[in-house]
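The structure appears right after this line, and notes come after that.
Each value in this text was obtained by applying a stated rule to the coordinates, not by laboratory testing. Since we're looking at a predicted model, the values are computed, not measured. Heads up, the Cβs are rebuilt from the backbone with ideal geometry, glycines too, and the neighbour counts pull from every protein chain shown.
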Amino acid sequence: MTIRELSREQVMETSTVELAYLVLKEKREPILYKDLFTEIVNTKEIDEDEMDERRTKLYTSLNTDGRFVHLGANHWGLKAWYSVDKSEDDLGNTFQPTPRGNDDQESENMEDDLEDLEDELDELANEEDEDTEEKDDFEGFGQDDEGQDEEDSKGADEEEQ
């Protein structure tokens, strides 16, 4: 039996878990939970007020009902589609999360940016090393002048008091 064969009254009396089973059975392929729930909402004409509560109840029911299997990346299927030999752990890796957007281009741009940043940091480190070497070259020069400036300022302070 398919959902389209059900009367309006039968649809309203049928639980969301049973409708989910019928949807998956009819489609004969795994489906994203969001799409599955949307189809059930449209079929049962569920109010927006009830949607959040129904969404969580359906998700919990799918997890506990032995007929359904989570295939990873929020895809659901019917356990009957898969051989008995496969464990739920194996099935849980059937779908891998899909990357968003053009990740190859983004990661390439990020690598370029990181290389540029690394080059800039290397340049700054080299400049600091050169500055340190220059200070070492002039070490000892001008120390007499510095001591004299301090004595002059002490003398000026004493005269003011």
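Before moving on, here are some points about what is shown:
- Calculated FRET efficiency, E18 to E48, Cβ-Cβ distance, R0 = 25 Å: about 0.65 to the nearest 0.05.
- Relative to its residue count, the stretch 1-40 spans a Cα convex hull of 60 Å³ per residue.
- Alpha carbon Rg of the stretch 3-91, scaled by the compact-globule rule 2.2 N^0.38 Å: 1.09
- FRET efficiency, 1/(1 + (r/R0)^6) with R0 22 Å, evaluated for S83 and R4 via beta carbons: 0.15
- Shape of the stretch 32-75, Cα gyration tensor, a/c cut at 1.5: prolate
- The simple spin-label model puts a point 7 Å past each Cα toward its Cβ; for E29 and E120 those points are separated by 4.7 nm.
- Summed residue charge, Cβ within 12 Å of L6's Cβ, Lys/Arg positive, Asp/Glu negative: -2
- Maximal additional length on extending the T38-D112 stretch stands at 22.5 nm, based on 0.36 nm per residue less the C-alpha distance.
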